[in-house]
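See below for the structure under consideration.
What follows is calculated from the coordinates using simple rules that are stated; it is not laboratory data. Note that the structure is predicted; figures quoted are calculated from it, not measured. Using ideal geometry, Cβ is built from the backbone for each residue, glycine included, and neighbour counts are taken over all protein chains shown.
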Amino acid sequence: MKHVIAFAGSNSKQSINKQFVSYASSLVEKAEVTVLDLNDFELPLYSVDHESEHGFPDHANRMIDLIKNSDGLLISLAEHNGAYTTVFKNMFDWLSRVEAKTFQSKPMFLMATSPGARGGQSVLDMAKDRFPRHDASIVASFSLPSFYDNFAEGRIKNSELNALFIKEVKAFEAFL
């Protein structure tokens with residue numbers, strides 16, 4: 001059986017992106033999915049000096065190992081001020097130091113949501129540009145606008161958006 005790891009680029013205990021990626025994981029039929037919480041991968045603030053003095057943190061090595069041992073990635077990015085959240089950017093900085101080919105050519109379903117009408121589109125665009133430079137194979141993507149209007153009871157309640165989302169999940173599964 002294939003194995004996929006999923007996580008939200010947020011450390012909020014109420015993360016709407018974790019809810020969103022959890023929904024995506026429930027729709028994947030061709031693999032077992034493990035939903036991770038970035039709170040379980042606490043890392044010091046990245047700096048060259050810290051790396052030089054202490055090496056790579058265990059949690060950064062652990063996350064790279066999880067990526068290497070997976071068959072695919074579901075990532076839902078939260079957006080702060082049009083960019084990655086601090087916790088995700090710090091994680092990404094550490095991971096890219098441990099392994100420049102951070103995403104290991106694994107099929108990736110990249111998504112984002114936000115309370116606003118753009119649905120995290122800015123951070124999604126940023127990641128679509130940046131991640132391939134770190135060996136990401138983005139095979140599907142989706143932006144869910146107006147989270148609180150379009151998501152309830154653990155799923156997308158707007159039937160048109162949900163149908164489009166399921167189509168992207170199936171596109172991702174085709175690469176597993």
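Quick notes on this one:
- The helix-only estimate of mean residue ellipticity at 222 nm for the chain, built from DSSP H runs of length n ≥ 4 each weighted as -39500 (n - 2.57), is -12000 deg cm²/dmol after division by the residue total.
- Summary of the geometry: region 137-160 and region 76-112, compared by the centres of their Cα atoms, lie 20 Å apart.
- Cβ-Cβ FRET estimate between A174 and K128, R0 fixed at 22 Å, reported to 0.05: 0.70
- Base-10 log of normalised Debye intensity for region 2-173 (one unit scatterer per alpha-carbon) at q = 0.11, 0.18 Å⁻¹: -0.42, -1.14
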